[in-house]
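First up is the structure itself, then whatever we jot down about it.
The values are calculated or read from the model by the stated rules, or taken from the named source; none is laboratory data. Since the model is a prediction, treat every value here as computed from it, not as a measurement. Glycine gets a Cβ as well: all are built from the backbone with ideal geometry, and neighbour counts include every protein chain shown. The accessibility values were calculated without ligands, DNA or RNA, using every heavy atom of the protein model including side chains. Shrake-Rupley method; radii C 1.70, N 1.55, O 1.52, S 1.80 Å.
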Amino acid sequence: MNFKEEVIALLQTRVDLPVAQLRDLIERPKNAKMGDYAFPTFVLAKQLHKSPVLIAKEIAPKLVNPVFANITAVGPYVNFAINHAVLTADTLKQVLQLQAHYGDQTLGHGNIPIDMSSPNIAKPMSMGHLRSTVIGNSLAKVLAKVGYHPIKINYLGDYGTQFGKLIAAYKHWGNEADVKQDPIMNLFHYYVKFHQEAEKHPELEDEGRLWFKKLEQGDAEATRLWTWFRAVSLEDFKRIYHELDVDFDSYNGEAFFNDKMASVITELKDKGLLHESQGAQVVEMGPDQNPALIVKSDGTSIYLTRDLAAAEWRMQHYDFVKMLYVVGNEQGEHFVQLKAVLKKMGYDWSDDIHHIPFGLITQGGKKLSTRKGNVVFLDQVLHDAVDLALNQIEHKNPDLAGKAQIAHDVGVGAVIFHDLKNDRLDNFDFDLKEVVRFEGDTGPYVQYTNARAQSVLRKAEQLTIASATDYQLTDEWSFQVAKDLADFPQVIARASEKFEPSIVAKFALNLAKKFNKYYANVKILTDDAELPARLALVKASSLVLTEALRLLGVKAPKEM
Ligand code: ARG
C-alpha cells in the first residue's frame, strides 16, 4: 500500500486540486509526533476565500479512512497519522509474498555500462581499485533491481608509457623464475626500483620511453614481455575478484582501444577541434581551463584519447542509456574533459555519462601510494579479515558447522560493507579490527542480526503455528521495524538515482538496530494468537536484511 497515494485519494474527495499538485504539496512533518504526512492548506486560501487555518479545521473532520489512525488540523496543516497496525500488516504481507523480489521496480530500461575496478597491470590492486570494484558491483545490482541492464567493464590499465619503464626495469633486474613465482609482487618491485634508480640515473627514463615506442610499433620482444606481464597480472587480479565474488562482462582495457584511437584523432581533426600547442595536439576547453591533451609532443597518445575511443566504441556496441565511470575523485578533471570533448564532437549522449567519484582511503592517517611503495596488499587485507572473523566465531560459537565458509563470508563482507557504509565521497581511515567487529556499525553486525532472526525461525519450526490470515501486531517495536521495511523500495530508488550504495548500507544498519530492539523487548516465541504475526515480522526482516546485503555484494549466512 502506498500511504501517500491514500492521502491524495482521500484529499481529492474534499479538495479541488489536481493529483500532480497534491503529490508535490504533501510533506513529511519534521516532527514524527505530528503524524506521517501533512497537507499544507495555503494554496486553497485564494480559491476558498478563507484563512488556511480555518480551511484545515473544516477539512480535517470530514476525512475518514481506517488506514489512518487520526487526521487532525494543526494550524494551517492537515496532518495524517498512519494506523500502525494497518501499515505493519500490509507491509508484512507484501514482503512475504514477494520475498527477494520485494523492492523490484521499473525506473528505467536499457544498457548501463559501468567502468569499474580497472587496476593497472603489473601493480598490486590498490585500495582505490577495491573501492571502485565494490561500489561498481553494488551499483550494478541496484540498477538491475530497478530495471536497467548493467554491463560491468574492467577497463584494465594495460597500456601506456609505464610499460616501457617496466620492460626496461625487467631487462635490468628481472628474471623469469621470480616473475613466475610471484608475478605482481616482483613486477611491482622492478617498477619501484626503476623509479628509485631513475632519480640517480635519468637516462633510464629514455630507456623506458624507447621500450614503450617499441611496444607501440609491435616489436616482438616488447610485445612478448607485455603479453606475459598482462596475463600473469590478470590471473592475480582474478583471485581477488573471486574472493569478492565479483565478475565482469568485459575486460576490454586500454590496450584494446589502441588501434581505435587514430580514427578518433582524424575525427577531431575533421571537426576542426584539434589545435597545436607547444608541439602537442590539444582540444581547447575554454578560458581558465586546461586544454585537453590528445597527442603528446613525442607523438604518443594518451589516457584521454583512449577513453574517447572507448566511449565511442561502447556507444556503438551497447547503445547505452547511461554510462558510469566509478573512478576516484582525483580523476575528476579527466572526466570533465572527456564529457566536454565528446560534446564538442556533437555527441549529445555525453550528457548520459556520469563520473561516480569516491574519496580516499588512508591508513593510520597516511595516504597510500603505489609508487612510493606505501601500499596495502588487498589479498592480505582480505585474508586477515577472514582470520579475524574466524577468531570471533571460535569465541562466540565454536561448534558452528561450516565455520571456514562463514568466516570467509563475514570477513570479506566486513571489508565490503565498511567500504560502502559511508557516503562514497567521504575519505576514511582503514583499521581492520574496526571493520570486522561484530558490534557497532559494521557488516558483521548486520549479518549477525540476520543470523539471529534465522535462528528464531529455526526454533519456531518446532512449534505448531496456527496460520494467520492477518498479521496484526500492536506493539511499538514491531511498528518501528515495519516502517523501515515499508521504506525499502524508496531506499533502493534513491540509491539508484544518486548512485549511492551507502543509502542501502545505512538502511541495513538501521533496520538491524530496530530489529534488535524488537528482539530485546518482545518475547517472540510465546505460543499465543499473535505468534504467526511476530514470526512474519522476523521472516520479513530477515528477507529484507538479506536482500539489502545482496545489493551491497555481501553474503548473509544463516548462522554465525
Ligand atoms: N586504470 C586507471 C587507474 O588505475 C583507472 C581507469 C578508469 N577508467 C577509465 N575509463 N579511465 O587510475
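Taking label points 7 Å from Cα along the Cα-to-Cβ direction, Lys271 and His189 give a separation of 4.8 nm. Taking a ≥ b ≥ c as the square roots of the eigenvalues of the Cα gyration tensor of region 111-161, is the shape rounded (a/c under 1.5), prolate (a/b larger than b/c) or oblate? Taking the square roots of the gyration eigenvalues as a ≥ b ≥ c, region 111-161 is oblate.
Quick one: if you take sqrt(5λ) for each eigenvalue of the C-alpha gyration tensor of region 446-560, what semi-axes come out, biggest first, whole angstrom? All intermediate terms of the calculation are to be shown ahead of the outcome.
Details: eigenvalues 134, 47, 26 Å².
Semi-axis lengths for region 446-560 are 26, 15, 11 Å.
Pairwise Cα separations in region 206-330 fall into 5 Å bins from 0 onward with the following percentages, short to long: 2, 8, 13, 17, 18, 18, 12, 7, 3, 1. In terms of its C-alpha gyration tensor, the chain comes out oblate, because a/c is 1.5 or above while a/b does not outweigh b/c. Take the Kirkwood radius over Cα pairs of region 275-347, plug it into Stokes-Einstein at 4 °C and 1.567 mPa s, and you get 98 µm²/s for translational diffusion.
Note on Lys513: aspartates and glutamates with a C-alpha under 20 Å away, same-chain residues under 8 apart excluded, are Asp419, Asp423, Glu434, Glu439, Asp441, Asp475, Glu476, Asp484, Asp487, Glu547, Glu559.
The Asp259 and Asp298 beta-carbon pair, evaluated with R₀ = 30 Å, returns a calculated FRET efficiency of approximately 0.95.
Rounded to the nearest 10 degrees, the angle from helix 3-12 to the longest Cα principal axis of the chain is 60 degrees. Principal axis analysis of the Cα atoms in region 363-508 yields extents of 66, 43, 21 Å, listed in decreasing size.
Relative contact order for region 33-159: 21 percent, from Cα pairs under 8 Å spaced at least 6 residues apart, divided by residue count. Overall shape of region 155-212 was characterised from the C-alpha gyration tensor. The equivalent ellipsoid obtained from it has semi-axes of 18, 14, 9 Å, in decreasing order.
Do you know the relative contact order of region 380-432, to the nearest whole percent, from alpha carbon pairs under 8 angstrom that are 6+ apart?
44 percent
Annotation: per residue accessible area for the chain equals 46 Å², rounded to a whole number [probe 1.4 Å, protein chains only].
Among the trypsin sites (Lys or Arg not before Pro) found in region 205-305, those both in a DSSP coil and sparsely packed, with 15 or fewer other Cβ atoms within 10 Å of their Cβ, are Lys271, Lys296. Take the cross-link list Lys214/Lys296; Lys165/Lys339; Lys165/Lys296; Lys367/Lys555 and give me the ones stretching past 27 Å between alpha-carbons. The answer is Lys165/Lys339; Lys367/Lys555. The figure for Glu461 is an accessible area of roughly 150 square angstrom, using a 1.4 Å probe on the protein chains alone.
Volume per residue of the convex hull around the Cα atoms, evaluated for region 51-198, comes out as 244 Å³. Across every direction, the projection of the convex hull enclosing the Cα atoms of region 123-253 has a mean area of 8.9 nm².
At a threshold of 8 angstrom on Cα-Cα distance, excluding pairs fewer than six apart, so keeping six or more, what relative contact order does the chain reach in percent? List each step's numbers first, then the result.
Numbers: 892 pairs, mean separation 88.1, N = 560.
Relative contact order, the chain: 16 percent.
Residue-normalised convex hull volume from the C-alpha trace of region 379-458: 94 Å³ per residue.
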